Amino acid sequence: MTSTILELRGISRSYAIRQGLLGRKVRFRAVDDVSLNVEEGRTLALVGESGSGKSTTGRVALGLEPPDDGTVRFRGAALPEIDSPAWRRIRTQMQMIFQDPLAALDRRLTILEQVREPLDIHDIGPTGEREAVALEMLNAVGLGTGHATNLPGQLSGGQRQRAVLARALVMRPALLVCDEPVSALDVSIQAQVVNLLMDIQDRMGLSLLFISHDLKVVRQISQRIAVMYLGRIVELGETQAVLSNPLHPYTKALVSAVPVPGRPTHARIVLEGEPPNPAARPSGCAFHPRCPLARSECASDIPQLTVRRDGGAVACHVVASGKVCA
Amino acid sequence: MVRYLLIRLLRAFITITLVVTFAFIVLRVSGDPAISIMGDNASPEAMAAFRKEWGLDQSIFIQYFNYVTAIFQGDFGHSMRGGGPALDLVVSRIPATVMLTLPALLLKVAIGVPAGIYAALHHDKSLDRTVMVTAVAGYTVPSFVLGLLLVQIFALWMPLLPTGGTGELSHLILPVLTLGIGGAAILARFVRSAMLEVLGQPYIRTANAKGIPWGAVVRAHALPNAAIPTVTIIGFMVGSLIAGSVVTESVFSWPGVGNLLVVSVTARDLSVVQCILLLVAATMVLSNMFVDILYGILDPRLSNANSEGR
Amino acid sequence: MVMREPWANNLHPDTVSPFTIPAAMPPGPLLAIQDLTVAFDGVSVLRGIDLSLDRGEALGIVGESGSGKSVTWLAALGLLPSFAAVSGRVTLEGKDLLNAPAADLDRVRGGRVAMIFQDPSSALNPVIRIGRQVGEVLARHQGVSGGDIRAEATRLFELVGLPDARRRFDAYPHELSGGQNQRVMIAMALAGKPDVLVADEPTTALDATIQAQILALLTTIRTETGMALVLISHDLGLVAESCERVVVMYAGRVVETAPAQEIFSNPRHPYTQGLLAALPPFEGPLRRLVPIDGQVPDPSRLPPGCPFAPRCTKREPLCETAVPPLVQAGFGRLSACVAQTPSYVRPEKDRVLA
């Protein structure tokens, strides 16, 4: 039995936005009652389209944003208050990398300096050994010593993402949250970074929360998957099971939308309409206006995430009633 | 909408108050009007009487309070030199100033906008460089240098135009040129960079890909977008209609507001200086509001951002 | 004020075409690109592209960033900025486009060949109502005027499935979502009743479910109007299912061309093989990805031989020195690799239209 390293219980997070220049402020729930676990040494993928709340969930998980409701527990203990000394200590064990590595790097510092920097900030290890530790980590991510003295501008996109990864990993974190880490990379480079992440996970026993819209990459890298739509999890389970046999109508559409080479024609589920603005969340099941299976109750009652016999969970009235071939 | 206007008005009020207060304090601490107006030779009694008459013997807080109260009653004080109402004195000078600044503004727009567009359309060609070198020269030369230069050339070497004074149309030409050339240069550079930015946008490529002739792409697709930032700087120029010609008026001894300001500052005629500064602040603020309204008309992203949502 | 197209200077490349244009072309390709090269500030980004497109064909162009897949089509339509040096030949039904007078080119663009782009929200003019933006094409290429413009634009909006089409004529782009704006772009492209629609990464900026909608729409429109589609994408899977024939580009060259199914079942060029091995599978058992080592070469420092040679697992000594030409590699297939043409000489006359 694997142990849970990160546990989110009933997390909600809402923002106030002003509707237009003169309008009143409207609060909307970016994340609504989300519960999930990241298991030690394993990867949980968080997938969804823009506005699904997957990135917000990632930031709340790291304690970068406080939840309005619910708790985040890291290794069994609640996250300390943001910016407290205890929080900063815990944060060294939880790192995050983003889609755009150039934005995450300081253009004026060399790669080596940036990878070493967190060690200096948190005063980790003897001063004399820090450079060696940083160099070792650069080697581990496949950025040879030759790149150590380069500035970010001198590296390619894939190399920059490796540098960002090295900087996150030099702290020897237990948990790494990756927000679309390979989306901006070309296929050939993307494969390099995906392999690297998986190798490092094996070697360091790293736990990953992998936020992505790319189901192909998610299938490759994750053991478990949570699908989000407008702030709520609609389906959760083992990645292989969910992707080969999706149950929620939204997951089905997402899976069928994945273009697969060598599969010239296949029956694709093309959803009507577009995800609504999170500020104008439909009543009941937020997916019901686009759902091919929607019934009357879907417009009024929010379906709860119900655990199924195979360990997966689905939030859908129709699936729960068993009136759909699964 | 009402809420929006109220906020804008409140902000305008605060801006004007800050300017007026700042001017008030600086003027009070920077010198004694009694000395500059009565002269060094005046007797101490006469000085004291002067200070008492203008309330300068009271504390600065009481002076400020009295000043503000008076403004709300429409009283902008009296000139310490001439004795007449400060406001009347200032207002009487406005037509002369506008006679310079308005043609100068038209000149700036008439030269600056086409020159900027032209330069942008010939980006990196010799035409562009010529326009830009001229523009840099135009706005790096201070207006008193430019003014004196123009006088030297057109009034002294080639005695075509008068060196200063008022009365005839010919008197206007040199001061208007002095004011207009610098502004035209600034505007040309600004319009050029706005145009270049717009011409690099994807929607310009889309318009080309639609088969719209280049002239029409520029007119219908590029210019309306480049107009949005350009309006800001023209608005700023409109704001300086009243008091944007201090140096030029001095050079050409033009009897406008700017000249009055210089004379009044030198003489420490506090009421007049304050009145001018208040007027300047008010026109600036007004033109800013005008720019904001124009923005709303030119850029649909601002005016109806709340009409539909998605 | 003289307003000239910024690229007008490049419409007359100094190379004199060796071809003469026959008065009436025999039924040949609808659009042909021959030896097209593009250089930015002396750096070659497109190095001799040969391509052809048949009437009604769905052609996919696949490549990573820097492969020149978009530049090819921007150059073909004269849409590159003026500092780009373009040479070669691009013909539409035999008529040269690169040397065409501006007025002729403007009739082709939007009228015969329409183009849509990656980020629809920035490809539409933010200060012009979308109905008017579509109306421009109707007025220019279809001679529609007055009140008919509104009716016809609304019809097009309905055709492309823009929700609430009737009320959308007066909307601005910022009032629409990315997917809706892409529908507007497609409506605008259809307004000129073109023979070719060039779609440059049309779904890359869109969410998965919207991507599926737009692809379905493009396919429907193609089958209903019979126009040819050029789908430019970095996504092999996407191109595979929407296109009949696929062109793979690398470092400013075409490296392989084949019917869609075959390029995936039996890729010939090592780069194509590498791309497929690097792609995570979505069906069947998981396997470790096989990345392509190294990275796309900097166009200013290309290797002397085959541009893919430094990353190629099947590299031979010859690859380091000679650039392999695109040659026949099976029925309806072309490949530019020494491995396919063991005994090749460097043959200018063997050049074939991809």
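The values are calculated or read from the model by the stated rules, or taken from the named source; none is laboratory data. Being a predicted model, the structure only gives us computed values, none of them experimental. Don't worry about glycine lacking a Cβ; one is built from the backbone with ideal geometry, like all the others, and counts go over all protein chains shown.
Points to keep in mind about this one:
- In the set (1) in contact with a Cys (Cβ under 9 Å, 6 or more places away or on another chain); (2) surrounded by 18 or more Cβ atoms within 10 Å (Cβ to Cβ), the condition left unmet by C:Lys314 is number (2).
- Failed item, numbered, when C:Gln182 is tested on (1) part of a loop (DSSP other than H, G, I, E, B); (2) within 24 Å of the chain's Cα centre (by Cα); (3) not aliphatic (A, V, I, L, M): (1)
- Of all residues in segment C:141-173 being part of a helix (DSSP H, G or I), over 27 Å from the mean Cα position of the chain (by Cα) and under 25 Å from A:Ser50 (Cα atoms), the one that is nearest to the other protein chains (Cβ to nearest Cβ): C:Arg168
- Residues in segment A:95-130 that are over 18 Å from A:Val141 (Cα atoms), outside any loop (DSSP other than H, G, I, E, B) and within 25 Å of the chain's Cα centre (by Cα): A:Ala103 alone.
- Residue tally, condition more than 9 Å from A:Arg13 (Cα to Cα) and of a type in the set (D, E, K, R), over segment A:47-76: 5
- The lone exception for A:Ser52 - which of (1) under 30 Å from A:Val258 (Cα atoms); (2) part of a loop (DSSP other than H, G, I, E, B); (3) in contact with a Ser or Thr (Cβ under 8 Å, 6 or more places away or on another chain) it fails: (3)
- Contact map, segment A:106-127: residues that are without any contact (Cβ under 8 Å) to a residue 12 or more places away in the chain paired with residues that are among the charged types (D, E, K, R) and not in a loop (DSSP other than H, G, I, E, B), Cβ distance under 7 Å, separation 6+ or inter-chain. Pairs shown: A:Asp120/A:Arg130.
- Near pairs, Cβ below 7 angstrom, 6+ apart or cross-chain, from segment A:67-90 (within 27 Å of A:Phe28 (Cβ to Cβ) and among the basic types (Lys, Arg)) to any residue that is modelled with pLDDT of 85 or more and part of a strand (DSSP E or B): A:Arg73/A:Glu7
- If you check C:Ala258, C:Ala277 for being among the small types (Gly, Ala, Ser), over 23 Å from A:Glu274 (Cα atoms) and more than 10 Å from every other protein chain (Cβ to nearest Cβ), only one passes: C:Ala258.
- Unique residue being buried (at least 21 other Cβ atoms within 10 Å of the Cβ), closer than 26 Å to B:Leu18 by Cβ and either more than 17 Å from the chain's Cα centre (by Cα) or away from chain A (no Cβ under 14 Å) (or both) when the list is B:Ser287, B:Ser271, B:Ser240: B:Ser271
- Within the option set A:Gly144, A:Gly158, A:Gly153, being small (Gly, Ala, Ser), touching a residue at least 24 places away in the same chain (Cβ under 8 Å) and surrounded by fewer than 20 Cβ atoms within 10 Å (Cβ to Cβ) holds for one residue only, A:Gly153.
- Of the numbered criteria (1) facing chain B (nearest Cβ under 7 Å); (2) in a loop (DSSP other than H, G, I, E, B), the one C:Val137 fails is (2).
- The listed residue being more than 17 Å from A:Ala168 (Cβ to Cβ) and modelled with pLDDT under 90, out of A:Asp68, A:Asp123, A:Asp100: A:Asp123
- Residues satisfying the stated conditions in segment B:210-224, i.e. more than 12 Å from B:Val191 (Cβ to Cβ) and either not basic (Lys, Arg) or not assigned by TED's automatic domain parsing to the domain that holds B:Asn288 (or both): B:Gly211, B:Ile212, B:Pro213, B:Trp214, B:Gly215, B:Ala216, B:Val217, B:Val218, B:Ala220, B:His221, B:Pro224
- Candidate set from segment C:214-236 (those that are more than 12 Å from every other protein chain (Cβ to nearest Cβ) and in contact with a helix residue (DSSP H, G or I) (Cβ under 6 Å, 6 or more places away or on another chain)); member that is surrounded by the fewest Cβ atoms within 10 Å (Cβ to Cβ): C:Leu229
- Scanning segment C:204-213 turns up at least one residue that is touching a strand residue (DSSP E or B) at 6+ places or on another chain (Cβ under 8 Å) and within 11 Å of chain A (Cβ to nearest Cβ).
- Qualifying positions in segment C:195-210 - touching a residue at least 12 places away in the same chain (Cβ under 8 Å), over 15 Å from the mean Cα position of the chain (by Cα) and surrounded by fewer than 24 Cβ atoms within 10 Å (Cβ to Cβ): C:Ala205, C:Asp207
- Any chance B:Leu160 is surrounded by fewer than 17 Cβ atoms within 10 Å (Cβ to Cβ), in contact with a helix residue (DSSP H, G or I) (Cβ under 7 Å, 6 or more places away or on another chain) and either acidic (Asp, Glu) or modelled with pLDDT under 80 (or both): yes
- Where strands (runs of 3 or more DSSP E) sit wholly within segment C:219-333, those with at least 1 residues that are among the polar types (S, T, N, Q) and touching a strand residue (DSSP E or B) at 6+ places or on another chain (Cβ under 8 Å) occupy C:228-233, C:253-259.
- Selection of segment A:194-221 for residues being among the β-branched types (Val, Ile, Thr) and free of Cβ contacts under 8 Å to residues at least 40 places away in the same chain yields A:Val194, A:Val217.
- Qualifying residue in segment B:196-207 (condition: surrounded by 20 or more Cβ atoms within 10 Å (Cβ to Cβ), touching a residue at least 60 places away in the same chain (Cβ under 8 Å) and not basic (Lys, Arg)): yes
- Criterion violated by A:Leu209 - all others in (1) in contact with a Cys (Cβ under 9 Å, 6 or more places away or on another chain); (2) over 18 Å from A:Gly53 (Cβ atoms) satisfied: (2)
- Residue list for segment C:282-311, filter: surrounded by fewer than 16 Cβ atoms within 10 Å (Cβ to Cβ) and not charged (D, E, K, R): C:Gly284, C:Pro285, C:Leu286, C:Gly294, C:Ser300, C:Pro304
- Scanning segment A:262-289 for residues that are at pLDDT 85 or above and more than 7 Å from every other protein chain (Cβ to nearest Cβ) yields A:Arg281, A:Pro282, A:Ser283, A:Gly284, A:Cys285, A:Ala286, A:Phe287, A:His288, A:Pro289.
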